[in-house]
């Protein structure tokens with residue numbers, strides 16, 4: 001399976017001519033959606049979903065059943081649900097966005113486990129109850145501390161990990177994030193820059 005990271009939380013998966021895109025938000029490149037067969041959206045925040053771009057795409061879009069996403073037809077899914085998207089096997093896990101601050105309301109957030117191998121948690125650190133080969137770990141957010149990201153990688157214990165959710169980090173900050181995850185985890189961590197594939 002080919003994995004391509006795009007800006008922020010957007011990831012494109014390609015396998016045998018099928019294309020599945022996760023979290024193409026307003027900060028990610030439009031090219032992430034070229035030839036997409038289906039899209040998974042973890043939650044309703046605009047850094048994870050660009051409604052206008054998706055409205056004109058004409059492919060199935062899957063999102064949490066409790067999400068508020070006006071002006072876009074989506075297939076609502078729930079935590080624990082197994083389904084197929086673009087021929088990929090998908091399991092939805094989690095349920096709520098990570099706590100941010102004070103009375104700031106949270107929202108529905110689902111993580112997605114793809115083909116029992118790749119895990120994109122969206123804006124939460126929900127621990128999956130199965131082995132994960134490739135973990136997409138959030139690097140920076142108003143709801144996240146660096147030690148939480150490191151511990152998340154250690155507890156999930158994947159074979160490899162790549163950062164997502166990093167568009168608000170400047171070069172100096174990104175070097176720090178990459179350094180901490182490289183030094184403190186033993187799970188094949190590697191930074192993928194936007195547009196880079198494995």
**Complete:** Nearest 10, in degrees from 0 to 90: the angle of helix 171-184 to the longest Cα principal axis of the chain is 70
**Complete:** For the range 60-167, shape from the Cα gyration tensor axes a ≥ b ≥ c, cut at a/c of 1.5 then a/b versus b/c, turns out oblate
**Item:** Residue with peak Gaussian network fluctuation, the chain [Cα springs, cutoff 10 Å], from 142, 103, 28
**Value:** 103
**Message:** Which one, 100, 51, 137, has the greatest fluctuation when you compute a Gaussian network model over the chain with C-alpha springs under 10 angstrom?
**Reply:** 100
**Item:** Gyration tensor (alpha-carbon) shape descriptor, the range 67-110, a/c threshold 1.5
**Value:** oblate
**Message:** Expected output is a single nm value to one decimal: the length gained when fully extending between residue 107 and residue 16, i.e. 0.36 nm times separation in residues minus the C-alpha distance. What is it?
**Reply:** 29.3 nm
**Message:** How compact is the range 2-184 by the rule of thumb for globular proteins, expressed as Cα Rg over 2.2 N^0.38 Å?
**Reply:** 0.96
**Message:** As I understand it, the value is the acute angle between the Cα axis of helix 146-156 and the longest principal axis of the Cα atoms of the chain; what does it come to in degrees, rounded to 10?
**Reply:** 70
**Request:** Find how many whole Å separate the alpha carbon centroid of the range 11-25 from the alpha carbon centroid of the range 95-159.
**Result:** 19
**Prompt:** Roughly speaking, what is the stretch gain from residue 115 to residue 157, that is 0.36 nm per residue apart minus the C-alpha to C-alpha distance, in nm to one decimal?
**Reply:** 13.4 nm
**Message:** Take residue 52 and residue 75, extend 7 Å from each Cα along the Cα→Cβ direction, and tell me the distance between the two endpoints in nm.
**Reply:** 2.7
**Prompt:** Out of 174, 40, 136, any idea which swings most in a Gaussian network model of the chain, alpha carbons joined below 10 Å?
**Reply:** 174
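Can you compute the helix-only [θ] at 222 nm over the chain? Use -39500 (n - 2.57) per DSSP H run of at least 4 residues, normalise by all residues, nearest 500 deg cm²/dmol.
Estimated from H runs of four or more residues: -4500 deg cm²/dmol.
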**Message:** Can you compute the modelled spin-label distance between residue 172 and residue 84, with each label point 7 Å from Cα toward Cβ, in nm?
**Reply:** 5.2
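Coordinate-derived values only; no laboratory data. In this text, all values refer to a predicted model and were calculated from it rather than measured experimentally. Positions of Cβ are generated from backbone atoms using ideal geometry, with glycine treated the same way; all protein chains shown enter the neighbour counts.
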